[in-house]
Amino acid sequence: MDLYKKAQNLGILTEFIDGQGEQRITDETALKIIIDALPLREPRRLIEQAVVIRSGQPARTIFSETARLPVRWTVEAVDSDGPIAEGVSYRNVLWQADLWPLGTYRLRLADADGKSEEVPLIVAPPRAFGGDFDRGWLLAVQLYGIRSARNWGMGDFTDLKGLIALAASLGADGVGLNPLHALFDDRPGDCSPYSPNSRLFLNALYIDVDDIPEYPGGADEEAITRLRQSSLVDYVGVAAQKWRALRSAFAAFSERASAERRKDFDAFRAEQRLLLARFACFEALRHRFEGPWWEWPREWQRPDATKCAELRAGPDRSEIEFVEFVQWTADRQLRSCKALAENLGMKVGLYLDVAVGVQADGFDAWNEQEAISRFLGVGAPPDPLNVLGQNWGLAGFNAAGLEIKNFAPFRDMLRASMRYAGAIRLDHVLGLKRLYLVPHGFPAKNGAYVQMPLDALFAATALESVAHRCVVIGEDLGTVPEGFREQMADWGIWSYQVVMFERDEGGRFRGIDNYKSDALVTFNTHDLSTYAGWRSFSDLKLKRSLGIDPGESDEARWHALGMLDEVLRQYGINDHDLYSVAGFLARTKSRLMAISLEDLLDVTDQPNIPGTVNEHPNWRRRLPVPLEAFSGTIDVTALKAATQERARAAP
């Protein structure tokens, strides 16, 4: 089989039109690396893709033209050995509505020539969970940036409780957060929440150590005071204090935990089962061997249940249990935040962001080596704003590996965030249809699009969404393929609409009727200027000072400011402060809107400037006032007036 035939079988688009309108043909050397990095999949003769059945709706599976009829088929549950249904069919199989419970199955096929193959079969709800509210709003927060009189230099889960109470008093239905994924405890300076070690576990630095019952105290109060006073989050300093305190708390827990606490810890480990045990082993091994996992001794380069059990029985037992203790603590503190939001009557509670990929040397890539390839980085081809293309340095899922694993890794990822949230946002949701993958060591322009099993991924998303009663919002900004947003809507996945981008070719901001009902609407994002920064041109000045082309002239910005005033006046809004913009957003039919805390506090610097690493303090900025002073800093009367038509009754 030649190179391009192999590529076609793996869903690799070797030719495509980039964002500049130029045809791209993937370099053969790069293409070979991409092919070799993906799981081997034999060409399919009988069926082209995973089968999706939507509950309550009959479905038809048509066999390929190359199948020799008749075809014998068998459906098996993933966790059982025997068939739950079987039959013999000719050109197609008509699946009756509500034939099996919701879930994932395996469909095994064999034709008259004895050729056999199997694919996943998913029985999914007709749509994802749609929410049980009309229109509400969220307070959007970068949790790490919260100051308070009691935290240790960065926001934590106790601060989150304070934010939830504040948001509820303002009439909001939830608090939106940056990703809370686990990072690397020994690389605290690598602080981007979008470059995680694992999307399955939590960032331990958000734990409030003082809230752990067994914590004996003894922290370096002088050091913590300095951390509280820092203008930026000192992750290295915070990590040093917190990890020392967490180990002290664990030692005390091991010696004198109450029977009730020990029982709850054991229950958590039983809930998390294999994934937690593997994560704890991985962390212990990572500290022992250092370096990326593919350079470890061969016996540890892949997860092995027997080897992990041996590791737990040996000298590393305490270290493994410590990792589990930390994750248990984080889980219980975040769950208490969720419970508080529910008790306050908030319809969404927590709205969590899910990163598009993971670090190649992290747990998820080690644990799911078929579904995630460490050799390929997710990115984007050249476009007018990034003429060389982009490589985000993250490893993402691949279609062949997900199908081999019956989409379990994808569902595990969703479940890890949905267990705490009333809504999640999937970063770069277009990645469910296709991912632009770049081989390590190659320029971003030498990547290729790899197709993903979109319908099956939407079905898996709907399964978890309904199970957890969690709304799913897809970050669908920019240019997407024709029909993609309609497919999202058909599956009940909401859109993400940003006012800064909702403009016509003449630069005019679109009116409120342009905004969809099933959508989250916001003025900006963490990758864009704050409202104060946008109005003051500070974002343009900063980017120019860093040698970055902001993609906008001062004249264009003046024009944009005038266009915003114009659209506000169309709706009888004669001012242009943040609360006026919030009032405009509140009138849209979008069922959720988000207002950032940075905007409410008149912050000019944005949390992140894409394309920078050390040139700008990305993901490090702290808010200018402490949590305790928010109510006195925000114009609460103006905010309540702006959001009154979609606000919930305050408790």
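So here's what we get for this one:
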{"item": "Anisotropy class of the stretch 543-645 from Cα gyration tensor, a/c 1.5 cut", "result": "oblate"}
{"item": "Centre separation in Å (Cα based) which lies between the stretch 281-351 and the stretch 40-103", "result": "37 Å"}
{"item": "Given 263/347; 263/307; 6/433, the pairs whose alpha carbons are separated by over 22 Å", "result": "263/347; 263/307"}
{"item": "Heavy atoms of residue 306 accessible to a 1.4 Å probe, total area in Å² rounded to 10", "result": "90 Å²"}
{"item": "Label-point separation, residue 78 to residue 451 (7 Å along Cα→Cβ), nm", "result": "2.4 nm"}
{"item": "Extension gain, residue 223 back to residue 469 (0.36 nm per residue minus Cα-Cα distance, nm)", "result": "84.3 nm"}
{"item": "The stretch 459-507-the stretch 227-266 distance, computed between alpha-carbon centres (Å)", "result": "38 Å"}
{"item": "Mean Cα-pair separation over length for the chain, i.e. relative contact order, pairs under 8 Å, 6 or more apart, %", "result": "18 percent"}
{"item": "Measure of compaction for the stretch 515-574 (Cα Rg per 2.2 N^0.38 Å)", "result": "1.32"}
{"item": "Projected label distance in nm at residue 485 and residue 244, using a 7 Å step from Cα toward the beta-carbon", "result": "5.3 nm"}
{"item": "Kirkwood Rh in Å, taken over the stretch 83-146 so that all alpha-carbon pairs contribute", "result": "16.6 Å"}
{"item": "Those residues of the stretch 54-76 whose amide nitrogen sits under 19 Å from the label point placed on residue 116, 7 Å along Cα→Cβ", "result": "64, 67-76"}
{"item": "Relative contact order, percent, the stretch 22-132 [alpha-carbon distance under 8 Å, six or more residues apart]", "result": "29 percent"}
{"item": "Cα centre as origin, Lys/Arg/Asp/Glu Cβ charges: the stretch 503-651 dipole, Debye", "result": "420 debye"}
{"item": "Fraction of antiparallel bridges per DSSP, the stretch 49-159 only, in percent to nearest 5", "result": "85 percent"}
{"item": "Nitroxide proxy distance, nm - points 7 Å out along Cα→Cβ at residue 258 and residue 187", "result": "4.0 nm"}
{"item": "Cα convex hull volume per residue for the stretch 310-371 (Å³)", "result": "125 Å³"}
{"item": "Helix-only CD estimate at 222 nm, as mean residue ellipticity for the chain, using -39500 (n - 2.57) per DSSP H run (n ≥ 4)", "result": "-11000 deg cm²/dmol"}
{"item": "Rounded FRET efficiency, nearest 0.05, which uses the C-beta distance separating residue 633 from residue 575 and R0 of 22 Å", "result": "0.70"}
{"item": "Accessible area in the full protein assembly, largest first, 1.4 Å probe, for 571, 105, 4", "result": "4, 571, 105"}
{"item": "Residue-span extension gain [residue 287 to residue 510] - 0.36 nm each, minus C-alpha spacing", "result": "75.0 nm"}
{"item": "Rounded accessible area of residue 603 (nearest 10 Å², 1.4 Å probe)", "result": "30 Å²"}
{"item": "Structure-derived mean projected area of the Cα convex hull in nm²: which label, when the choices are [x] 28.5; [y] 30.3; [z] 38.1", "result": "[y]"}
{"item": "Gap separating the Cα centres of the stretch 139-169 and the stretch 575-651, nearest whole Å", "result": "14 Å"}
{"item": "DSSP bridge orientation in the chain - percent antiparallel, rounded to nearest 5", "result": "60 percent"}
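The values are calculated or read from the model by the stated rules, or taken from the named source; none is laboratory data. Worth saying up front: this structure is predicted, and the values here are computed from it rather than measured. Cβ coordinates were reconstructed from backbone atoms using ideal geometry, including for glycine residues, and neighbour counts include every protein chain displayed. What goes into the accessible areas is simple: the full protein's heavy atoms, side chains included, and nothing from ligands, DNA or RNA. Shrake-Rupley method; radii C 1.70, N 1.55, O 1.52, S 1.80 Å.
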